[in-house]
1. If amide H atoms are built 1.01 Å from N in the plane of the peptide, which residues on other chains or at least 5 residues away come under 5 Å of the amide H of G39?
2. What ranking, highest mean first, results for peptides 49-59, 16-26 when packing means the other Cβ atoms within 10 Å averaged over each residue?
3. Quick one: compute the contact order of the stretch 2-64, relative version, from alpha carbon pairs under 8 angstrom and 6+ residues apart, as a percent.
4. Where a ≥ b ≥ c are the square roots of the eigenvalues of the C-alpha gyration tensor, would you call the stretch 2-64 rounded, which needs a/c under 1.5, or, failing that, prolate if a/b is larger than b/c, or oblate?
5. Go ahead and estimate [θ] at 222 nm for the chain from helices alone: -39,500 (n - 2.57) per DSSP H run with n ≥ 4, summed, over the residue count, rounded to 500.
Amino acid sequence: MFYNYRNIPINYVMIHKAECRFCNNGQGVQNVILGGANGEWNGPYNTFRIAHQNAVATGFEVRLCGRCNPNN
Ligand SMILES: [Zn+2]
């Protein structure tokens, strides 16, 4: 499963695997980098392809998490 994190102030969407420590099944890291005030989680998505399509559809810059490498 995959999740997208949409960072609203910086205008990007980061794709993560659900098990990534930064994603934590769409809950993020509490009170750290991915706080709810700066954005929102979308998902889960069954495949990377679907997550990527949804990320592109936001119109934001699409980034892939360098820790969980969601496209592998
Ligand atoms: Zn990740």
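1. It is I8, by chain and number.
2. In descending order of packing, they fall as 16-26, 49-59.
3. 42
4. In terms of gyration-tensor shape, oblate.
5. Estimated from H runs of four or more residues: -4000 deg cm²/dmol.
Bear in mind these aren't lab numbers, they're just calculated from the coordinates by the rules spelled out. This is a predicted model, so every value here is computed, not measured. In this analysis, Cβ positions are derived from the backbone assuming ideal geometry, glycine residues included, and neighbour counts consider all displayed protein chains.
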